[in-house]
Amino acid sequence: MQAFDLYAVLPELVLLIATCLLLVASVYVRERVTSTPGVEQDIFHTPRGVGFVYFFSLILLAYLIFAFLGRLGDVSLVAMNGLFQSDPLSNLLKACSSGAVLVSLIYSKQYLKDRGLFRPDFIVLALLALLGQFVLISGANLLTLYLGLELMALPTYALVAMRHNSEKSVEAAIKYFILGALASGFLLYGMSMLYGVTGSLDLIEIFKTVADPRVNHLVMAFGLVFIVAGLAFKLGVVPFHMWVPDVYQGAPTAVTLMIAAAPKLAAFALLFRLLVNTLLPLLGDWQPMLVLLAVLSLVVGNVTAIAQTNVKRMLAYSAIAQMGFVLLGMLSVFDDHAFSAALFYVVTYVLTTLGSFGLLMILSRKGYDCETLDSLKGLNKKHPWFAFIGLVMMFSLAGIPPTVGFAGKLGVLEALVDAEHTFLAVIAVLASLIGAFYYLRVVKVMYFDEPAHEVTVTGSLFAKGILSLNAILVLVIGIVPAGLMSICLEAMRRTLLGS
C-alpha cells in the first residue's frame, strides 16, 4: 500500500480499527460482578462498558464528519489499484452519513436504555454498518460496491433482530434478511452479466466498453434490468417495497432510524455509481425504468400511507414516495442541475427523517412506544415546543414552505421541467397533494385533539437540544437553501468531470 492509497482510505481505516478496539475494550471496562452458578454472564451488557463505547463513538463520528468536510475541496482520485475512489460526492455523502449516525445515537440513548438495548454491541454494529456505507459510497469496482453493500446490510439485519424477545422484531428481521438477500442476488446477477459483456469489473473500463457500439446490447439490457431491480429493492421503491413498512414498524424505533436515515445516502451513491458513472451510455434504457418505478412509488406510497394509523408505518410508506422523488431527480440532464437536485433531495430528506424519528423516541418512555396517531393527540397542550418540532417535520415531508422539503421538491421539479419531463412534474405535484393529507393529519392530531394518553418527554437535555437544532436547520435551510444547493451542485459537477 502506497502513501497515496493510505491517504485515500485513512478515515475508513480509523473507523475500522477504532470499532474493533472499542468492541474489545468494552469487555474489560465493566463492573465487578459476582457470578451466579448456572447463570451465564452477558459480557456486553454493563453500564460502564457501554458508556465508554458510546462516549468514544461520538468522538469518532465527530472526527469523521470534520475529516470528510475537510476533503470537499480535494480533487478526485482512484486508489487501491482502482478499487476505491475519493471524490467530492463521496466526501459529502460520507460526512452526511457520519452526521446521521451521530445524531441517531444521541436520540437513541434513553430509548435504548429503557428497553435494555443500550449495549456496546449495538453501537459497534451501527459503526460497522457505517463502514459498509463508506465502502459502498467510494466503490470504483463492482466487487467493492458489492462488498460495501453487504457490509452495510449484515449489521442492520442483526440490529433489527436485537430485541429477540419481540415477535414483531424477529419477524421483521427475517423478512428484511430474506428480501435483502434476494435483492443482493438480483444485483449480483446483473453485475455478472456486465462482467460477461465487458470483461472487466472496473467501473471506468465498463463505461468505456459500454460506449462501444460493437458491444452486445441485448445482454447488456438484461443485466441492466437485474441491476435496476436490485437497486429498487435497496431504495425500497414500488414494486420492490414489501419489506419497508414491516421492517419500519417491527424494529425498535432506534433501529428504524438507523435504517431510514444514513443507508439512504449510501443507496443513492450506489444508484449514481452504477447508472451514471458506469452505464450513462445506456441512459435511454435505464431512464424509462426509473420513470416507471418513480411514478408507481409516488402513487402507491402516498395513497397507502393515508390508511395507516401507526406513525412508523405511515413514515415507511412516506419513505417509499420520497424515494420516488429521488428517482425523478435522476432524470436530470447534464446542465445547471446535473443530478444535484436528487443529491440535495436525499440529503435534506435524511435531515427531516432524523427529526421525525427523534421526536418519536423523545416521546417514548419505558414500557410505552410512541408509535400511533393516538399517542400524539394533544401534544401541543402539554409540550408546545415539541409539537412545533413535529409540525416542522411534517411540513417538510409534505413539501410545504418555508421548510427544506419544499426547496428539495422544487429543485427536483425544476430539473424535470428543464429535462422536458413536464408531465412527470405534474404527476409529482399531484402525488404530493395526496401526501399532504396524511402529514397534515398528524399536525391536526397534535394541535386540535384532546390527549388520549399521558404525554411525557424523555431523553437528556443534550438530545432535546440536538432535536431542536435539527428542526431549526430544517427551517433555516428551507428559507436559505442556496448554500447547501451550491455545495451539492459543485460536488456533483466536479465528480462528473473528474476534477
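The values are calculated or read from the model by the stated rules, or taken from the named source; none is laboratory data. Just so it is clear, the structure is predicted and the values come from calculations on it, not from any experiment. Cβ placement follows ideal geometry from the backbone for every residue including glycine, while neighbour counts extend to all protein chains displayed. Just the protein is used for accessible areas: all its heavy atoms, side chains included, with ligands, DNA and RNA removed. Shrake-Rupley method; radii C 1.70, N 1.55, O 1.52, S 1.80 Å.
In the range 193-222, which residues are without any contact (Cβ under 8 Å) to a residue 12 or more places away in the chain and closer than 25 Å to VAL78 by Cα? Quick ask: steps written out before the conclusion?
Of all residues in the range 193-222, those without any contact (Cβ under 8 Å) to a residue 12 or more places away in the chain come to 199-200, 205, 208, 212-214, 217-218.
Matches in the range 193-222: GLY199, SER200, GLU205, LYS208, ASP212.
Output the residues belonging to the range 32-52 that are crowded, with 16+ Cβ neighbours inside 10 Å and either modelled with pLDDT of 90 or more or among the polar types (S, T, N, Q) (or both).
Scanning the range 32-52 gives a single hit, THR46.
Identify all residues within the range 259-300 that are closer than 19 Å to HIS421 by Cβ and within 20 Å of the chain's Cα centre (by Cα); write none if there are none.
Hits for the range 259-300 are LEU271, PHE272, LEU275, VAL276, LEU290, LEU293, ALA294, SER297, LEU298.
Would you kindly identify the helices (runs of 4 or more DSSP H) lying entirely within the range 414-499 that contain at least 2 residues that are surrounded by fewer than 21 Cβ atoms within 10 Å (Cβ to Cβ), in contact with an Asp or Glu (Cβ under 8 Å, 6 or more places away or on another chain) and at pLDDT 90 or above? Outline the logic, then answer.
Values: elements: 422-448, 461-479, 482-497.
So the answer is none; nothing clears 2.
Considering only the range 180-190, I want to know if a residue exists there that is among the hydrophobic types (A, V, I, L, M, F, W, C), open to solvent by less than 40 Å² (accessible area, probe 1.4 Å), touching a residue at least 24 places away in the same chain (Cβ under 8 Å) and over 17 Å from ASN277 (Cβ atoms). Walk me through how you get there before you give the answer.
Let us first name the residues in the range 180-190 that are among the hydrophobic types (A, V, I, L, M, F, W, C), namely 181-183, 186-188.
Checking which are open to solvent by less than 40 Å² (accessible area, probe 1.4 Å) leaves us with 183, 187.
Next, from what is left, pick out any that are touching a residue at least 24 places away in the same chain (Cβ under 8 Å): 183, 187.
Those still in the list that are over 17 Å from ASN277 (Cβ atoms) too: 183.
The answer is yes; a qualifying residue exists.
Looking at the range 139-175, which of its residues are hydroxyl-bearing (Ser, Thr, Tyr), touching a helix residue (DSSP H, G or I) at 6+ places or on another chain (Cβ under 6 Å) and at pLDDT below 90?
SER169
Determine whether the range 280-292 contains at least one residue that is β-branched (Val, Ile, Thr), assigned to a helix (DSSP H, G or I) and under 17 Å from GLY230 (Cα atoms). Steps first, answer last, please.
Applying the first criterion (β-branched (Val, Ile, Thr)) to the range 280-292 yields 291.
Adding the requirement that they be assigned to a helix (DSSP H, G or I) leaves 291.
After this cut, where a residue has to be under 17 Å from GLY230 (Cα atoms) as well, the list is 291.
So far as the range 280-292 goes, yes, one or more of its residues are β-branched (Val, Ile, Thr), assigned to a helix (DSSP H, G or I) and under 17 Å from GLY230 (Cα atoms).
What number of residues within the range 71-101 satisfy the criterion of being open to solvent by 30 Å² or more (accessible area, probe 1.4 Å) and at pLDDT 90 or above?
Within the range 71-101, residues that are open to solvent by 30 Å² or more (accessible area, probe 1.4 Å) and at pLDDT 90 or above number 1.
Do the conditions hold for PHE134, that is, is it surrounded by 23 or more Cβ atoms within 10 Å (Cβ to Cβ) and either touching a helix residue (DSSP H, G or I) at 6+ places or on another chain (Cβ under 8 Å) or over 27 Å from ALA95 (Cα atoms) (or both)? Reasoning before the result, please.
Details: surrounded by 23 or more Cβ atoms within 10 Å (Cβ to Cβ): yes; either touching a helix residue (DSSP H, G or I) at 6+ places or on another chain (Cβ under 8 Å) or over 27 Å from ALA95 (Cα atoms) (or both): yes.
Yes, satisfied.
Can you pull out every residue in the range 85-98 that is within 13 Å of GLN133 (Cα to Cα) and either among the small types (Gly, Ala, Ser) or outside any helix (DSSP H, G or I) (or both)? Spell out how you get there, then give the answer.
Taking the range 85-98 and keeping what is within 13 Å of GLN133 (Cα to Cα), we get 90-98.
Residues satisfying the conditions are SER90, ALA95, SER97, SER98.
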